[in-house]
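So the structure is just underneath, and the comments pick up after that.
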Number of protein chains: 4
Amino acid sequence: MSKHVLAQNQYGKAENRIVKITRKGSDGSWHEIRDLNVSVALRGEFRDVHLTGDNGNCLPTDTTKNTVYAFAKEHDVTSPEAFGILLAKHFVNSQAVIHEAQIRVEEFAWERIPVPTRKEQHSFVRSGQEVRTAQITYGGSTGLQVISGLKDLTVMNSTNSEFHGYIKDKYTTLKEAYDRILATKVTARWAHSSSAADDAEHDWDRSYKKVRTHLLEAFAETYSYSLQQTLHAMADRVLDNVASVNEVRLNLPNKHHFLVDLEPFGLKNDNEVYFAADRPYGLIEGTIHRDGVRPVISTSDWIVA
Amino acid sequence: MSKHVLAQNQYGKAENRIVKITRKGSDGSWHEIRDLNVSVALRGEFRDVHLTGDNGNCLPTDTTKNTVYAFAKEHDVTSPEAFGILLAKHFVNSQAVIHEAQIRVEEFAWERIPVPTRKEQHSFVRSGQEVRTAQITYGGSTGLQVISGLKDLTVMNSTNSEFHGYIKDKYTTLKEAYDRILATKVTARWAHSSSAADDAEHDWDRSYKKVRTHLLEAFAETYSYSLQQTLHAMADRVLDNVASVNEVRLNLPNKHHFLVDLEPFGLKNDNEVYFAADRPYGLIEGTIHRDGVRPVISTSDWIVA
Amino acid sequence: MSKHVLAQNQYGKAENRIVKITRKGSDGSWHEIRDLNVSVALRGEFRDVHLTGDNGNCLPTDTTKNTVYAFAKEHDVTSPEAFGILLAKHFVNSQAVIHEAQIRVEEFAWERIPVPTRKEQHSFVRSGQEVRTAQITYGGSTGLQVISGLKDLTVMNSTNSEFHGYIKDKYTTLKEAYDRILATKVTARWAHSSSAADDAEHDWDRSYKKVRTHLLEAFAETYSYSLQQTLHAMADRVLDNVASVNEVRLNLPNKHHFLVDLEPFGLKNDNEVYFAADRPYGLIEGTIHRDGVRPVISTSDWIVA
Amino acid sequence: MSKHVLAQNQYGKAENRIVKITRKGSDGSWHEIRDLNVSVALRGEFRDVHLTGDNGNCLPTDTTKNTVYAFAKEHDVTSPEAFGILLAKHFVNSQAVIHEAQIRVEEFAWERIPVPTRKEQHSFVRSGQEVRTAQITYGGSTGLQVISGLKDLTVMNSTNSEFHGYIKDKYTTLKEAYDRILATKVTARWAHSSSAADDAEHDWDRSYKKVRTHLLEAFAETYSYSLQQTLHAMADRVLDNVASVNEVRLNLPNKHHFLVDLEPFGLKNDNEVYFAADRPYGLIEGTIHRDGVRPVISTSDWIVA
C-alpha cells in the first residue's frame, strides 16, 4: 500500500465531437446546427480505483461519452452552457461516488450559405472567427459555477497605440513607440453570478453576443499606452455593461508587428510595411472582477499564442 | 565530382509574413490592410552552387526576403496575384541566371470592427473562414501562369446527400445511405487563361469573390449522390460562370459525420445526433478543365484534412 | 477610474527560442548544445500600467527577452532549472516593483550523429522522444519553487492491462476487457523540496534522468486494472526512489486502441490489429504527494492529447 | 451534361491509423509492433460517378479502409513498402475499373522500454526522431513504383558551415558568414529501381536504415558552403552506397539560427548564443538521380518546415 497521499484527481472522456441538427418549420426544412466539442471530468471517491485495482466506484469514460450523445437527443441543445449544466448535474446527481463534475465545451460557429432559390435551409459554411468556450462545474462546496469564454479571436488596431515611459535597465534596447500596430489573439473567460447560473431561463447565447461585442468595441475604441491598459479597458467594459458577469480574465499575446527597416534600399517606411513575427511574443494576462466578489477563474494556465 | 545528374531544383525564402497598411481618405484615417504569407522559389543555373561551393550564381534567400518587403513599399499591393506577378517577373528579369520564379502567397482576411462613433477606421478582426492562395510562375517556356485558390473553407449540407449503388466486394460492410450529412473542407485551385494573366488590369479580387461564391452555391444547391458528383458540379459551375478560368482542381476530404447509435439507450436517432470523426476520412480529388486546354495544376500533392 | 478590482495579473515575453553552443576540450572541438524555449512572467505593482497608461513600473517584455539571451552568455546553461532560477531571481532582485517571477522552460533534446573518423564533435540529430519542462517561481511568500516535468512521452503496453468491474448505468455499453492495449502520452510534473531547490549544487540533469527512468519502468512493470492505477504506480515509484521530489502530478490521456472487428471478413482478430483513435480519449489526471507536504502543482490546466 | 473535361482524379480513404501487434517466441511473450498511417488513392473509370450519380464503378472508401485492416491480419506487416505493395496490387487486380492504386504510408517508430526483470517484452516508448514514409503506385503504364522516405528528421552542425561569394543586388543586406550554424529538418524521398521493387525478397527495413545512415553521415561530414551543396552531398552519398536506389529528392528548410547581438550589453557573442527563428526560412529542394534514369519523384509539393 502506498504511503503517499492521493490528492486532487479527476478523470473523464475528453473531446467528444458532437453535431446536433434540429429541424424547424412546419415541414422541418429549416435546419439548425450546434457543433460542439464536449469534455467531461469527474471528481469523487476514486481512491480504490487508484490503489487496489477495484473499479467499483468507476463510471467508465466510455459511459460519460455515451451520456453526452444520449443527452443531445433527450434534450434541446440551446447553448454550450445549458447543455453543460445538464450534464454536470446528471453525473453528480446520479452517482453518489461522484462529488463534482466539470464539463468543458468548445463550440464552432456555422453561418448559412444563402440559397435564395429555395426555402429549405440546410447548407452551412463554418465561420472561423473564434471558438466559443464554456466551463461548467457542479457539486462540492461551490454549487453551480459557469464560466463562459472565447478563444482565437484575432484583432488589430493599425494605429492609436503607443508604448513609452517604461523602466530602462542595462538590458533594455527597445525604442519608445508613439505609433505602433497593436494586435492580439484574444482568449477571454468570464464568470457568471450564481443568480445567472441558477436561472433556468438565462439566455446564454444573448449574453455571449453581448460580451463579445463589448470586448471588440473596447479593443477598437481604446487609445492604448500598453496592452495591459487595453486589457483592463476590455474587462471593465464587460463588467460595466453585462450585469450578470462578475469577473473577466483575459490572456492577450502581443502579436508583434515590426516595422521593416527599408532604409538600406533607399525607402522610407512610414508605418506601412510590417513583419508579423511568430515568436517570441509578449503575453499579458489579468483578472478584473467586481468589488466584493471572490475571483474563481483559473489563473494558472499558460496560453500559447 | 558527382557522377549523378542534378535534376529539378529550386530554392528561395518561404513564408515571409508581411502586413501592409494603406491609408486612404484626405487625412489618411481610413486604413486598409493586406496580410500575406509570401514564399519565393527560384529555378535556374545553380549547378555550381550544388557541386563546387561556388555561390556566384546564388541570390541569397535573405535577399529574396528583402525584395518582398521592399516591393510592398514600392508598389501597391492590390491582390496576392498582382503582387506575385511583380515579384516573379522581377527575379527572372533582373538576374540572368534565374530562369523561372514561382511565388506562392497565402492571404488572411480581415473584417472591420465597426466603430460608429468615429470616422477613422483602423480596427480589424480576422475573418477565419478561409485562406486565399495564389501561385504565380514566370519564365521558362510557359510565360506567365497564375493559379488562384483557397483552403480551409469548411462546408456542410445537413441533408440532400445519398450514397448507394456502389461496388460490394468481400471487404464491404458500409450500409447504403439515403439521407446523410455531407461535409468537407474545400481546397480549391483554379488556373487563369493567359489573357487574364497577361492583362495588367485584371481584377483579381473580383474574380476571387466570384469563384468563391460559385463554389459555395454549387455545393449548397447540388443534390448529391457522391462527393465526386458534388466536386464535379462545383468545378463545372466555376467554368460555366467565370470565363477567365480554364481549369479547376478540388481536393475534398469527406469529413465523416456518423449517426450515433442510440438504440442501447432506448432512443431513436432520427438524423439528429452525429459523431464528427477525425480520421480516417475519404479524400476525393479531381481536375476539370475546358475542352482544348492543357491542365497545369499540380495533381501530386496530398492534402491533409 | 475603474470601480472594479484588478486581481491576479502578470506579463512577460513568452517562447524565447535560444540555442547555446558550448565548446569543450583543449581546442574547443567538442561542442555541447542546449536548446531551450524560455518564457518569462512577472508579477508586481502594475496597477498604474493597467489603469492610467503610466508605464513607469513596466519593465518591457522586450527587455526580459534581452535578459534571457544575455544571461545565456554571462552564465553556464547547466540545466533548464538552474537557468530558470538565475532568471527568476534576477527579475525580482533587480526591480523593486517586481514581486514574483515565473520562468517556464521547454528543452528539446539532441543526440550526437556519430562521426567516427574525426575527433571534432559538432553534429547533432534532434531526439524527439519527449520535451523536458521546468517551471521556476521566485518571490512572494513562497520563496523558490521548482517544478520539473516532461511532456509528449508516448508509451504503450501491448498486454497486461484489464478493465472491468466498473459501474454500469443506463448509458453503459462498454464491454469488460481482460486483455487490452494501454497507451498514453505522458505529461508529468514533479515538485522539488525546498532544500533541493535551494541547493546550488543540485544536479538537475541527473534528477531528471532518474525520474524519467522510474516513470517509464513503473509504466512498463505495472499490471494494470485501470489507467488510474498505473498513474498512481508511476507517481509512487518516483516518490519512493527520488528523495528530493515531494509531489508528482500526471496527466494521462488514454490513447484508445480499438480492436478491429474482422468477423465480417471471416477473420478472427486475436488482439493483433487495432485502430488507433484520435478523439475522444479518456483523460486521467492526478496528484500524489508525500504525507505532510502541501501540494503546489497547478491542477487546473487541461492537457490536450 | 458537362461540356468540360474530367481530367486527373482519384479517391480513397486517407489516414487509416493501424497498429499491428505480432507475438513471437515459443509462448508469444515477445511482442513486435508496427504503427502505420495508411492512405489509399484509386484511379480508374470513374466518369459516371462524377457525372451522373451512378456509383456502379465506385468501391467505397469505407471498403478500402476495411481492406487495410483485413490485410493487416491476413498478411505479415514486414515493412511499409511490402504492405503497400500488397494493397496496391489488390485494388488493381481485384476490380477491373481500378486502373491504378497509390498507397501512402507513414510509420511511427517505437523502441522497447527495457524491463530486465522479465523475459516478456511488450512495453514500448515512441521514438520521435523521424517519421518513415513510403509511397507505392501500381498499375497503369508504370508497373510498380516504390518511393521510400522520411520526414521530420531535424539535424544541426554547430560549425563547419560558411556562406559567401553570392550575388549582391540592390536588395542584398546579408553579411557573409564564415562560421555559422547549419540546421535543417530533412524531408527525403528516394525511388527504388524496378528490380528492387519487383523483388519479393527485398529487405525494405534494411534498405531504409542504410539510406538514413548515409543521409545523416553525409550531413555531418560535409563541410558546407551552402545548404544546396550539403543537399547534393547527401543525395550523392545515398546513390553511391545503395545500389537499389535510383533517385533522391530532398526538401531542406534552412532553419535559421541567428547570432544574437549582445554588444549593447557589453558582451561578445563568440558563436555561442543563437536565436532559433521560425519564419521565414530558406527552402532548398532538389532531385539527384543516376545517369540514364528518368526521375519519378514529384517535385511540385511544398514542404512546410
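Among the residues of the range D:166-178, are any touching a Cys at 6+ places or on another chain (Cβ under 8 Å) and within 25 Å of D:Ala233 (Cβ to Cβ)? Yes, because at least one residue in the range D:166-178 is touching a Cys at 6+ places or on another chain (Cβ under 8 Å) and within 25 Å of D:Ala233 (Cβ to Cβ). In a residue-by-residue description of the range B:163-175, the property of being within 30 Å of B:Ala88 (Cα to Cα) and aliphatic (A, V, I, L, M) applies to no position.
Provide a single number: the residues in the range C:200-257 that are away from chain A (no Cβ under 13 Å) and among the polar types (S, T, N, Q). Residues in the range C:200-257 being away from chain A (no Cβ under 13 Å) and among the polar types (S, T, N, Q): 3 in total.
Matching residues to (1) more than 14 Å from chain B (Cβ to nearest Cβ); (2) closer than 18 Å to A:Ile297 by Cα; (3) in contact with a His (Cβ under 6 Å, 6 or more places away or on another chain); (4) not β-branched (Val, Ile, Thr):
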{"site": "A:Asn55", "(1), (2), (3), (4)": "yes, no, no, yes"}
{"site": "A:Asn93", "(1), (2), (3), (4)": "yes, no, no, yes"}
{"site": "A:His99", "(1), (2), (3), (4)": "yes, no, no, yes"}
{"site": "A:Arg104", "(1), (2), (3), (4)": "yes, yes, no, yes"}
{"site": "A:Ile113", "(1), (2), (3), (4)": "no, no, no, no"}
{"site": "A:Phe124", "(1), (2), (3), (4)": "no, no, no, yes"}
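Being open to solvent by 20 Å² or more (accessible area, probe 1.4 Å), under 19 Å from A:Ile18 (Cβ atoms) and in contact with a strand residue (DSSP E or B) (Cβ under 9 Å, 6 or more places away or on another chain) is a property that A:Ala109 has. Only a single criterion out of (1) over 18 Å from A:Val115 (Cβ atoms); (2) open to solvent by less than 20 Å² (accessible area, probe 1.4 Å); (3) over 22 Å from the mean Cα position of the chain (by Cα) is not satisfied by B:Leu252, namely (3). C:Asp152 meets the conditions (1) on the phi < 0 side of the Ramachandran plot; (2) within 14 Å of chain D (Cβ to nearest Cβ) in every case but one. The failed one is (1). Of all residues assigned to the range D:170-178, none qualifies as being surrounded by 15 or more Cβ atoms within 10 Å (Cβ to Cβ), within 15 Å of the chain's Cα centre (by Cα) and modelled with pLDDT of 95 or more.
If you check C:Ala88 against the conditions, is it outside any strand (DSSP E or B) and open to solvent by less than 50 Å² (accessible area, probe 1.4 Å)? For C:Ala88, the condition - outside any strand (DSSP E or B) and open to solvent by less than 50 Å² (accessible area, probe 1.4 Å) - is met. So in the range B:179-194, with the set limited to residues that are more than 19 Å from the chain's Cα centre (by Cα) and open to solvent by less than 40 Å² (accessible area, probe 1.4 Å), which one is farthest from the other protein chains (Cβ to nearest Cβ)? Looking at residues that are more than 19 Å from the chain's Cα centre (by Cα) and open to solvent by less than 40 Å² (accessible area, probe 1.4 Å), I get B:Leu182. Would you check if C:Asn246 is open to solvent by 10 Å² or more (accessible area, probe 1.4 Å), within 16 Å of C:Ser161 (Cα to Cα) and not small (Gly, Ala, Ser)? Answer is no for this residue.
Return yes or no: is A:Tyr178 out of contact with any His (no Cβ under 6 Å at 6 or more places or on another chain), of a type in the set (Ser, Thr, Tyr) and free of Cβ contacts under 8 Å to residues at least 40 places away in the same chain? Break it down into steps so the answer makes sense when it comes.
On the way: out of contact with any His (no Cβ under 6 Å at 6 or more places or on another chain): yes; of a type in the set (Ser, Thr, Tyr): yes; free of Cβ contacts under 8 Å to residues at least 40 places away in the same chain: yes.
Judged against the criteria, A:Tyr178 is a match.
Being of a type in the set (S, T, N, Q) and closer than 19 Å to C:Ser2 by Cβ narrows it down to one of A:Ser224, A:Ser148, A:Ser195, A:Ser158, so name that one.
Working: A:Ser148 fails: closer than 19 Å to C:Ser2 by Cβ; A:Ser195 fails: closer than 19 Å to C:Ser2 by Cβ; A:Ser158 fails: closer than 19 Å to C:Ser2 by Cβ.
Unique residue meeting the criteria: A:Ser224.
Scanning the range C:131-150 for residues that are assigned to a helix (DSSP H, G or I) and either without any contact (Cβ under 8 Å) to a residue 40 or more places away in the chain or under 30 Å from A:Ile98 (Cα atoms) (or both) turns up nothing. In this structure, is A:Tyr138 touching a strand residue (DSSP E or B) at 6+ places or on another chain (Cβ under 6 Å) and either more than 14 Å from chain B (Cβ to nearest Cβ) or surrounded by fewer than 19 Cβ atoms within 10 Å (Cβ to Cβ) (or both)? Considered against the rule, which asks whether it is touching a strand residue (DSSP E or B) at 6+ places or on another chain (Cβ under 6 Å) and either more than 14 Å from chain B (Cβ to nearest Cβ) or surrounded by fewer than 19 Cβ atoms within 10 Å (Cβ to Cβ) (or both), A:Tyr138 comes out as yes. If I filter the range B:156-168 for residues that are under 21 Å from the mean Cα position of the chain (by Cα), in a strand (DSSP E or B) and crowded, with 17+ Cβ neighbours inside 10 Å, do I get at least one hit? Yes; the residues of the range B:156-168 include at least one that is under 21 Å from the mean Cα position of the chain (by Cα), in a strand (DSSP E or B) and crowded, with 17+ Cβ neighbours inside 10 Å. The set of residues from the range C:258-305 being more than 8 Å from chain A (Cβ to nearest Cβ) and outside any loop (DSSP other than H, G, I, E, B) comprises C:Phe258, C:Leu259, C:Glu263, C:Pro264, C:Phe265, C:Val273, C:Tyr274, C:Phe275, C:Ala276.
Every test in (1) within 14 Å of chain B (Cβ to nearest Cβ); (2) open to solvent by less than 10 Å² (accessible area, probe 1.4 Å); (3) farther than 25 Å from A:Ile284 by Cα is passed by A:Ala197 save one, and that test is (1). Restricting attention to the range C:255-298, the residues being free of Cβ contacts under 8 Å to residues at least 24 places away in the same chain, surrounded by 20 or more Cβ atoms within 10 Å (Cβ to Cβ) and polar (S, T, N, Q) number 0. Considering (1) at the interface with chain C (Cβ under 9 Å from one of its Cβ atoms); (2) closer than 24 Å to A:Asn271 by Cβ, the lone condition that A:Ile167 does not fulfil carries the number (2).
Just for the range A:7-48: of the residues that are hydroxyl-bearing (Ser, Thr, Tyr) and within 12 Å of chain C (Cβ to nearest Cβ), which one is nearest to A:Gly84 (Cα to Cα)? If you could, list the steps in order and put the result at the bottom.
Applying the first criterion (hydroxyl-bearing (Ser, Thr, Tyr)) to the range A:7-48 yields A:11, A:22, A:26, A:29, A:39.
Cutting the leftovers down to within 12 Å of chain C (Cβ to nearest Cβ) gives us A:11, A:39.
Details: A:Tyr11: 16, A:Ser39: 9 Å.
Of everything passing the filter in the range A:7-48, A:Ser39 is nearest to A:Gly84 (Cα to Cα).
The values are calculated or read from the model by the stated rules, or taken from the named source; none is laboratory data. Only a predicted model underlies this, so the values are computations on that prediction, with no experimental measurement involved. All Cβ positions, glycine included, derive from the backbone under ideal geometry; neighbour counts span all protein chains shown. Remember, those area values only see protein heavy atoms, side chains included, never the ligands or the DNA or RNA. Shrake-Rupley method; radii C 1.70, N 1.55, O 1.52, S 1.80 Å.
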